[in-house]
1. Quick one: which of 114, 130 is surrounded by fewer than 16 Cβ atoms within 10 Å (Cβ to Cβ) and either in a loop (DSSP other than H, G, I, E, B) or modelled with pLDDT of 95 or more (or both)?
2. Condition first: closer than 13 Å to residue 134 by Cα and free of Cβ contacts under 8 Å to residues at least 24 places away in the same chain. Now tell me which residues in the stretch 186-213 satisfy that.
3. Restricting to the stretch 134-161, count the residues that are assigned to a strand (DSSP E or B) and at positive phi.
4. Can you go through 290, 263 and tell me which one is modelled with pLDDT under 95, surrounded by 15 or more Cβ atoms within 10 Å (Cβ to Cβ) and under 26 Å from residue 38 (Cα atoms)?
5. If you go through the stretch 111-130 one residue at a time, do you hit one that is free of Cβ contacts under 8 Å to residues at least 12 places away in the same chain and over 20 Å from residue 37 (Cβ atoms)?
6. So if I check each of 169, 182, which one is at pLDDT below 95 and farther than 24 Å from residue 251 by Cβ?
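The values are calculated or read from the model by the stated rules, or taken from the named source; none is laboratory data. In this text the structure is predicted, and so the values were computed from the model without any measurement. Neighbour counts are summed over all protein chains in view; Cβ atoms, including those assigned to glycine, are modelled from backbone coordinates with ideal geometry.
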């Protein structure tokens, strides 16, 4: 029996045309969407209530922009490492990076866990060598976990702080780790993407503990049950689906970033845009980074 298809179709909310749109989140403090374009390096912000959109170009590949206590300051993941970025002036301050960090590596996904720490990944920018990995930074120390991979996504920490989800995109595997305080357990395979599904990319969790995982080159998002079963399929009207996050006043709208890199605009005219769809379930608000002891 085939899994059910989501009853609503995602619609374009920002025709951003990102080369590689990624790591979207909702800042509930201001009712603003925040996301990045890795390949045309920039931070985007969009306020649905006023339809106002702003874009800040930067001079280095940027892979995430996460919330800090200061609304116009984000914790950003650049090719070279983690930095403090002022969205008003573009000024930035280097803060941390994993070691080793080979010249061809860059940071990839980033997430602030319920512990207030930064959980992030690194990867080989050419997507060939297993030089990337998964990391946690508490404002003082970077620690590694989960082994090495060529292309990473996640990590994402469950809202109850009991689990961490990581994705080895090159090997098509989603893994789960038990989490006890700051101690991360060994990875266990949870989901393996089947042939024809595309590659597992960004993920988020909803309030029922289900995972929403984007299919890069698969034109869809799948909602997986906590045990890894397919619960429903959400078709997306473009091929390269990269990241999703819950937003809106009730956290019941799913916002989606996509990629236009290598796409023929006559065949895939909505590639790179930001989409929204009524999810039917709610998510969790994005966490704000807090330094250890802060």
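1. 114 is the lone residue from the list that is surrounded by fewer than 16 Cβ atoms within 10 Å (Cβ to Cβ) and either in a loop (DSSP other than H, G, I, E, B) or modelled with pLDDT of 95 or more (or both).
2. Within the stretch 186-213, just 186 meets the criteria.
3. Number satisfying all stated conditions: 3.
4. Working: 263 fails: modelled with pLDDT under 95.
Only one candidate qualifies: 290.
5. If we filter the stretch 111-130 for residues that are free of Cβ contacts under 8 Å to residues at least 12 places away in the same chain, which is where we start, we get none.
No, the conditions are met nowhere in the stretch 111-130.
6. Details: 169 fails: at pLDDT below 95.
So the residue among 169, 182 that is at pLDDT below 95 and farther than 24 Å from residue 251 by Cβ is 182.
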